[in-house]
Amino acid sequence: MKNYQNSSMKDKKIKIHGKKSKNLLLLCSIVLFLFPIVAYAATEGAIEEVSRFYMTPWSLLPPVIAIALALITKEVYTSLFVGIVIGGLLYSDFSFEGTLTHVFNDGIVAVLSNAYNVGILIFLVILGIMVMLMNKAGGSAAFGRWASNHIKTRAGAQLATIALGVLIFIDDYFNCLTVGSVMRPVSDNSKISRAKLAYVIDATAAPICIIAPVSSWAAAVASYVEDGNGLYLFIQTIPFNFYALLTIVMMIFLAIAGMDYGPMASYEKNAKEKGDIFSGMKDYANVAAETGNSNGKVIDLLLPIAVLIISCIIGMIYSGGFFEGRGFVEAFSNSDASIGLMLGSSVALILTIIYYLIRRVISFQELAEAIPEGFKSMVPAILILTFAWSLKAMTDSLGAKQFVEALVQHSAGNFQSLLPAIVFLIGAFLAFATGTSWGTFGILIPITLAVFPLNNPLGVICVSACMAGAVCGDHCSPISDTTIMASAGAQCDHVTHVSTQLPYAITVAAVSFVSYIIAGFLPNAFITLPIAILLMIGLLLIIRQMNISHNK
C-alpha cells in the first residue's frame, strides 16, 4: 500500500502489471462510455433527490461489483473505481450528467475536501518524508552496526528484530524498510536465513500496526466510522484481533524454542550449519550493504522515531481535550485521529529536520530531495484511501446501510454468532486476492457496521474479525505491497519469502478462525483471548513434537 524507500521496486511492479493495467483501463473506459448509451435508451431525466434504488438490494451492487472485479483482476484500484461509477449510475438513475456529478462532486472531490480525510493524507506524506530523511542521515545503518556488536545469539537476534518491529508501530512500510535495513547485518552475523528475517519483518509490520492506536492503520480504519467514534471502536477491537496477537505469540515462541517447520526449516538449517543465508537464491547475495551517511549514529534513528511517537500521542490527547481538563484516557478515547496524527507528525518532521541540520548529517539538497521522494512513495496509499472513501460515499447515498440493517433484523439470532468467523474468512480471502488490507477495510467495514450498532459487543468482534482477516490475507498474498516490502527490506527472494511464510500464516489463521467461532458465542475478551493463546501454544507444541518424531 505504501513505499518509502525504493522507487525502483515500484517501477518493477508497475512493469510487471503493465499489460494488465492497460486492459483494466480499457475496462474502465468501456464502463464509462457504454453506460451512458444504455442510460439514454433506458431513461432520460435528472437526478431525483432520493434514488429509486435507495434502500433496495441494488444499493449493495457497487461494493459487490468492486469485490468481484478485485477477485477476478487482482487489481484493487480499478475495481474500486468501477464500483464508484456503478454507484453513481444507480444514484442518478443512469443519467450521464448526474453520474459524473455524483461520482466526482459528491464522491471523489467531497472525500478529498473533507478536513478529516485531508489530515490523514498529510500524515501519510509526512511519514514518507521522515523515512527518507532517516535513511539519508545514516541512522538506520548506524543502528545495524551497533546491534551487530552487541547481539551474538540467534534467539537474541530474532527477539531484537521483533522488538524493533514492535517499536516502529506508526506505519507498516515504515516498519518493513527500517527494520530490514537495520537488522540485516545483525541477522547475517547470527546465521539467520534471509527467509526467516523476511518473515519476522512481515509479521511485525501490519500485525503490529493493526493493534496500535497511534498508527496510519488506526487512522485509516477510524476514517470509515461516522460520528467521530472510529478511534474508540478501534481500541475496542484490539483484544479481539486474534490474528495479530497470535502472530506475535507465535514469533516469540519460535525464537525462544529455536523451532521451525515447513520450507522454512530447510532454509534455517542451511543458514545455521552451512552459513548459506540465501540457500542458493542469491539475487541479493552481492548487494552492498546500505551505509548511508558515514557520520550517522544510532541516535539519528532512535531520536526521530521517539519524537514521532511522542508527538503523535501528544497530538492525539490535544485533539481530545487533555489540555482543557480531561483525563488522559478520556482525551485519548475522544481524540480526533486526523488532527492528532497530522499535528504530531508535522512537529516531529520539523524537529527532525532541525536536528539533522544541526548534526550536519544531511545536506540541504538531500533534505529538498527527500520531500518529493517521500510524497511519491505514498501515492498508492492515497489512491486506495481516496477510492475506498468514495465507494463508501456511493453506498451511503444509496441507503445500503439502512437496507442491511433492515435485512439483518429479520435474520435468526443464532446465525449472528457465526458472523465473526465468516467475516474473518471473507476478509482474508479478499485481501489475499487483491493484495491490500486497506481496500478490504474500505469494502467490508461499512457493511459490517451496517449490521451491528457500535454498542453491540458482537459488532465490535465482527469489525475486529474484518481487520484481522484483512491482515491475514495481506500477509499471505504474494501480490501484497507489504509482503513485497518485507522481501525488499530483508533483501530476500520474494518467492522464497512467500513460500516459507505461508505455512506459518495459515497456522495462525486456523487458530484465529476457531477463536472467532468461540468469540461469537462468548463475546468476552477476558475469556476468549486466553483461550486463543492457549490454543496457539498448544498447536505449536504439537507441531514441535511431530517434527522431533519425524527427525528420529
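Taking the Cα atoms of the range 408-552, the ratio Rg/Rh between the radius of gyration and the Kirkwood radius comes to 1.04. Averaged per residue, the range 296-337 has 48 square angstrom of accessible surface, using a 1.4 angstrom probe with ligands and nucleic acids left out. Sorting 422-428, 99-105, 252-258, 468-474 by average packing, meaning the other beta carbons within 10 Å per residue, from highest down gives 468-474, 422-428, 99-105, 252-258. With 25 Å as the limit, the listed pairs 136/272; 272/297; 152/269; 136/196; 136/269 have 136/272; 272/297; 136/196; 136/269 beyond it between alpha carbons.
Taking Lys and Arg as +1 and Asp and Glu as -1, the other residues whose beta-carbon sits under 11 Å from that of residue 373 total 0.
What Kirkwood Rh does the range 297-364 have if only Cα atoms enter the pairwise 1/r average? Answer in Å. Evaluated over the range 297-364, this radius sits at 12.6 Å.
So if I place +1 on the C-beta of Lys and Arg and -1 on the C-beta of Asp and Glu, and nothing else carries charge, what would the dipole magnitude of the range 143-213 be about its Cα centre? I want it in debye, nearest 20.
Once rounded to the nearest 20, the dipole reads 420 debye.
Note on surface exposure: 97, 366 rank 97, 366 by accessible area, highest first, 1.4 Å probe. Among 186-199, 110-123, 334-347, the peptide with the highest mean count of other Cβ atoms within 10 Å heads the list, and the full ranking is 186-199, 334-347, 110-123.
The values are calculated or read from the model by the stated rules, or taken from the named source; none is laboratory data. Because the structure is a prediction, the values reported are computed rather than measured. Note that each Cβ is placed from the backbone with ideal geometry, even for glycine, and that neighbours are counted across all protein chains shown. Each accessible area value is taken on the protein alone, full model and side chains, heavy atoms only, with ligands, DNA and RNA left out. Shrake-Rupley method; radii C 1.70, N 1.55, O 1.52, S 1.80 Å.
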